[in-house]
Amino acid sequence: MTEPKRKTALAFMAHPDDAEFLCAGTLVRLAEDGWSVHIATCTAGDCGTTTETPWSIAATRTEEARKAAALIGAEYHCLGERDALVVYDKPTLQRAYDLFRRVAPTLVFTHAPKDYMMDHEVASLLARAGSFIYGAPNASAVPLAEGSQVPYLYYCDPVEGVDPLGRPVEPTTLVDVTAQLDKKTEMLACHASQREWLRAHHGTDEYLDAMRRWVAARGELAGTAAAEAFVQHRGHAYPRDDLLTERFGAGGGKTRL
Ligand SMILES: [Zn+2]
């Protein structure tokens, strides 16, 4: 296995709570394994309310995301884009390159290239662009950290595991997160502003229940109680060996922990 010397993981997502839903169990495993973990979102989720102003809910959700990240010693970053307005343009790309340059990740998680919401798709493109170019000296004015490289890149599940045409996405990689489920749940529960309105609306704790149902469904595929699923990016210049399966694989992977 060719594990990078610099063990820095970055989840680059669209909104606060996306990482907690889609890859936090794996981030917990990485943190337990000595990786330095960063969670970044393009927006502070300023549309995630029915009663507050964008500025007030953005402040609340930034703090919720920071708390969730802190539970595993991770650092939270926000690119400062507006909710539902994440676009692929020069200023946004440059901010993404600068963020990648500061974090210098060797392992990156992002949204599926095709997902139910455009912010997710654009965040996925930004993560792909940033991961490919951040190590090029002229891509950013931020100093280049030692160990910067084209990172391992994994796409999380699209919401409900289907693309926008309803076609199921087949994972390349399943990570057993059974032992990390309590911590993942605790991280998701930090997003109280989102959990509360869903609870009021559904009359049940749908926010946490939806996540539990999904990791259980992916766990069935992996032969474990709970799993997170990914598709690995294997294009030109990217590492093609499946680091996550080799390190944490479930369902036939060489589980080492
Ligand atoms: Zn989202």
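The values are calculated or read from the model by the stated rules, or taken from the named source; none is laboratory data. Remember, it's a predicted structure, so these values are computed and weren't measured experimentally. Every residue, glycine among them, receives a Cβ derived from its backbone with ideal geometry; neighbour counts consider all protein chains shown. Surface areas here come from the heavy atoms of the whole protein model, side chains and all, with no ligands, DNA or RNA. Shrake-Rupley method; radii C 1.70, N 1.55, O 1.52, S 1.80 Å.
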Hey, any idea what % of the chain's accessible area is carbon plus sulfur with a 1.4 Å probe?
55 percent
Using the Karplus curve 6.51 cos²θ - 1.76 cosθ + 1.60 with θ = phi - 60°, what ³J(HN,Hα) values do you get for each residue of region 138-155, in whole Hz, with x for Gly and Pro?
8, 6, 7, 7, 5, x, 7, 7, 5, x, 4, 7, 5, x, 4, 10, 10, 8
Using Cα centres only, tell me the gap between region 1-71 and region 189-203 in whole Å.
18 Å
Leaving out same-chain residues fewer than 8 places away, which lysines sit with a Cα under 20 Å from that of K67?
K183, K184
Hey, what did the chain get for relative contact order, percent, Cα under 8 Å, at least 6 apart?
21 percent
Distance in nm between pseudo-label sites at A225 and T178 (7 Å out along the Cβ direction from Cα):
0.7 nm
Lys, Arg +1 and Asp, Glu -1 on Cβ, resulting dipole of the chain about Cα centre, debye, nearest 20:
760 debye
Zone of A192's modelled label, taken as backbone nitrogen in region 36-67 under 11 Å from a point 7 Å along Cα→Cβ
64
How many nm separate the modelled label positions at C47 and K7, each set 7 Å beyond the Cα in the direction of the Cβ?
3.9 nm
I'd like to know how region 121-168 sits against the 2.2 N^0.38 Å rule of thumb: what's its Cα Rg over that expected value?
1.53
Would you kindly compute the Cα radius of gyration of region 78-161 and its largest Cα-Cα separation (Dmax), both in Å?
12.8, 39
Residues with amide H under 5 Å of D83's amide H, sequence separation 5 or more or different chain, H placed in the peptide plane at 1.01 Å from N; which?
A44, G45, D46, C47
Fraction of the pair-distance distribution of region 6-155 above 26 Å, Cα-Cα pairs, percent
19 percent
Accessible-area value, C190, 1.4 Å probe, nucleic acids and ligands omitted, Å²:
30 Å²
Any residue on another chain or 5+ positions along whose placed amide H is under 5 Å from the amide H of F109 is listed here as L10, A11, F12, Y154
Please identify, among D209, D98, D18, the residue showing maximal mean-square fluctuation in a Gaussian network model of the chain using a 10 angstrom Cα cutoff.
D209
With only alpha-carbon atoms in the gyration tensor, what are the semi-axes of the equivalent ellipsoid for region 204-249, in Å, largest first?
28, 13, 7
Over region 130-257, with a single point scatterer placed on each C-alpha, what log10 of the ratio I(q)/I(0) does the Debye formula yield at q = 0.10, 0.18, 0.19 1/Å?
-0.45, -1.06, -1.10
Surface accessible to a 1.4 Å probe, per residue, for the residues of the chain, Å²
44 Å²
Each label point is 7 Å from the Cα along the Cα-to-Cβ direction; what then is the distance between the points at N138 and E246, in nm?
3.3 nm
Please report, in whole Å³, the volume per residue of the convex hull around the C-alpha atoms of the chain.
122 Å³
Highest to lowest packing among 74-86, 3-15, 99-111, scored as the average C-beta count within 10 Å
99-111, 3-15, 74-86
